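The structure under discussion appears below in the form of structure tokens.
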Amino acid sequence: MRRPSVRRIVASALAAVLAASLLQFSANSEPATAIGEPTFTNPLVQEADPTIEFYQGNYYYAATTWSGDVTMRKSPTLEGLKTAASMTVYSDTATDRSANMWAPELKRLQGPNGWRWYLMYTMGTPGNYDNQRMHALESSGDDPLGPYSYKGRPIPTTAWNIDGSYLELNGELFVVWSQFAPAPDGRQSNWIARMTNPWTAVSAGTILSQPTLSWETQGGAVNEGPVALQRGGETFMVYSASGCWTPDYKLGMLTYNGGDPAVAASWTKGANPVFEKANGVFGPGHNDFFMSPDGSEYWNLYHGNNASTDGCSTTRSSRAQKVNWDAAGKPLFGQPAATTTAIAVPSGERGPITAPIVSAPFELVNRNSGLCATIAGNSTADGGGLVQAACANSKTAHTSWKLDSTADGYYRLVNAASNKVLDAANCATANGTAVRQWSWVANACQEWRPAPGADGFVTLTNRNASKVLDVANCSLATGASIALWTGLGNACQQWALRPVGAVSIVSVASGKSFDVPDCSTAAGAGLQQWQYTGSVCQRYTFTAAANGYVQIHPSSAVGLCLTVTGASAADGAAVTQATCGASSSWKIDPLADGTVRIVAAHSGKVLDLAGCGRADGTRINQYGWLDNQCQRFRITI
């Protein structure tokens, strides 16, 4: 990242950042040509300072945004990150942390509240970079997308500090980061401190490494972006060196030799860089490490530039390649791969995968029969057939399905009980092709596109066959098979999507949750957004309404419904909790980017974050569809 004394971002560059962000949002809506290919090419995303984790069947990726938002992308494949929606998982309006978000670090740790995801990032004040400080978020559960709550500043100092990451070693948790050494030294150095929890360091820390070698001082004396790499009992600390505004930004490495990790003498610095410019890639640095889906490979995610004259702003892009190892167990990073190089995807990415996808479950209710799609005999085996049966209304039943975006305009439908996906048998395309469950193998036969049907229903089209999910012979019987058939537009091919159990509804624009103020039980209380607190005021259940629509009940007032005041059809009409009635019916409409819009049955208008506000208390109203992030939401557990 930048040092505070380097202020070369002028108004035109800031305008370029904004323009790039707008272009990026437009690009997210364009579908990829395919997923599940054996190779990918760099770069992946036009963003810098990336962090990534593969968890339960998906990659979760975050990077510098330059704004007051912390965003994340999710995809089952690396290639899919190119078109995955960028969703805000946290936004801030506090004056001391509302701008210049840099260098997030995503990590799953066992904290005081159990296993949680932690996002440590750098943020400051508008107008300059002198007030950059590290901050930490904690997820509400075990979903990397959150929702998140703010926990505080990890380092007990007012000094400028950036680029934080976690180190687990010898049964202890540490934070490592970059900060200037005290005067008269003044060099930008890597620091380390013990932590009592993932958001609290026990001290202001000690210096871990400083830029002392010639290759660490090109364009500026810099050590920053430290991140741990651990394998076979060995611990390495890989960091970035030299000025990020030069083509000579690169990676160096420390090796842990034993002893107290918080003492610099316990580490040895390598005499030479381990990763630097080559093959038309300039300034490769600020990296993170991740494991392949099957856990057999270590991968390096870093950013680089395509031209030697590019600096350290929006020109940088994220790239990935495998880490190799020598006979002594030391990492070999090789050289940055050229943008024309086809790279084999991480091992296990193409399956078979049966991970318990982290997502809210839905029931698929057939319009004709009123029964739910389920697996015959509650089988957990590959090949278990899809049939219809009574809905169980349970998050873990075979009648519940997780709609998980493949990041290219389609979804995989993952059974909540078996963790296997809906699959067109043998990739056949004929009418009557059996639909079954199968381990995820990342092909088009396992991808489905929901599309609006009549009233509150949708149709589900198989990507490979271009045919829809259909109850055979329009049977009303329990156990009737569900197969593929040419779309006829009849009730046997229409499905209501109904979330199961208590869930949260989170804005994609702000990362904040639908909230009933002060858990009011009174009719007329207005719906607003608020930072997630885990309160019952932010949980909702869904029940069936007429014609495939649903009613949405606040868990703090289960007898009431989210309702458009006065059954208004006007833009900006308030949404409140009220007695369930004519304007309390909603359609859950999955969008191509993996989010949903929530459509009012009486008006055809959608739930909308008023003015795209980021502040707590911003109201939720209805508005005509504008196809923007302020009208997109995530339904999450």
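The values are calculated or read from the model by the stated rules, or taken from the named source; none is laboratory data. Predicted model, so just to flag it, every value in this text is computed and none were measured. Here the Cβ is made from the backbone with ideal geometry for all residues, glycine too, and neighbour counts use every protein chain on show.
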- Selection from the stretch 325-366 of residues among the polar types (S, T, N, Q), in contact with a strand residue (DSSP E or B) (Cβ under 8 Å, 6 or more places away or on another chain) and surrounded by fewer than 21 Cβ atoms within 10 Å (Cβ to Cβ) yields GLN335, THR339, THR354
- Query: Which pairs do you get when a residue that is more than 24 Å from PRO361 (Cβ to Cβ) and touching a residue at least 12 places away in the same chain (Cβ under 8 Å), found in the stretch 593-605, comes within reach of a residue that is surrounded by fewer than 23 Cβ atoms within 10 Å (Cβ to Cβ) and of a type in the set (S, T, N, Q), reach meaning Cβ atoms under 8 angstrom, with the pair 6+ apart or on two chains?
  - Reply: SER603/SER568
- Message: Cβ-Cβ distance below 7 Å, separation of 6 or more or different chains: which pairs start in the stretch 38-63 with a residue that is buried (at least 23 other Cβ atoms within 10 Å of the Cβ) and end on one that is basic (Lys, Arg) and in a loop (DSSP other than H, G, I, E, B)?
- Response: ALA48/ARG316
- Query: Under 6 Å by Cβ, and 6 or more places apart or on different chains, what pairs join a residue from the stretch 524-546 that is over 19 Å from SER139 (Cβ atoms) and at pLDDT 95 or above with one that is hydrophobic (A, V, I, L, M, F, W, C) and assigned to a loop (DSSP other than H, G, I, E, B)?
  - Reply: ALA525/VAL516; THR541/ALA502
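Here is a yes/no grid of residues against (1) modelled with pLDDT under 50; (2) more than 22 Å from the chain's Cα centre (by Cα):
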| position | (1), (2) |
| --- | --- |
| ARG8 | yes, yes |
| VAL17 | yes, no |
| THR33 | yes, no |
| PRO38 | no, yes |
| ALA63 | no, no |
| MET72 | no, no |
- Would you be able to tell me the number of residues in the stretch 131-155 that are touching a Ser or Thr at 6+ places or on another chain (Cβ under 9 Å) and assigned to a strand (DSSP E or B)? 11
- Item | Any hit, the stretch 472-490, residues being over 32 Å from the mean Cα position of the chain (by Cα), of a type in the set (Ser, Thr, Tyr) and not in a loop (DSSP other than H, G, I, E, B) | yes
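Yes or no, residue by residue, for (1) surrounded by 19 or more Cβ atoms within 10 Å (Cβ to Cβ); (2) aromatic (Phe, Trp, Tyr); (3) within 18 Å of GLN531 (Cβ to Cβ); (4) out of contact with any Pro (no Cβ under 7 Å at 6 or more places or on another chain):
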residue	(1), (2), (3), (4)
MET134	yes, no, no, no
LEU137	yes, no, yes, yes
TYR148	yes, yes, yes, yes
ILE155	yes, no, no, yes
THR158	no, no, no, yes
GLY171	no, no, no, yes
GLN179	yes, no, no, yes
- Checked the stretch 377-402 for anything buried (at least 17 other Cβ atoms within 10 Å of the Cβ) and of a type in the set (Val, Ile, Thr); matches are VAL387, THR399
- Message: So for the stretch 583-597 (the condition being farther than 25 Å from ALA454 by Cα and of a type in the set (Val, Ile, Thr)), does at least one residue qualify?
- Response: no
- Query: Of all residues in the stretch 406-425, which are polar (S, T, N, Q), crowded, with 24+ Cβ neighbours inside 10 Å and farther than 17 Å from TRP495 by Cα?
  - Reply: THR406
- Message: Scan the stretch 505-512 and tell me whether some residue there is surrounded by fewer than 23 Cβ atoms within 10 Å (Cβ to Cβ), outside the structural domain of SER91 (by TED's automatic domain parsing) and part of a strand (DSSP E or B).
- Response: no
- Query: So which strands (runs of 3 or more DSSP E) stay within the stretch 361-455 end to end and still have 1 or more residues that are free of Cβ contacts under 8 Å to residues at least 12 places away in the same chain?
  - Reply: 448-452
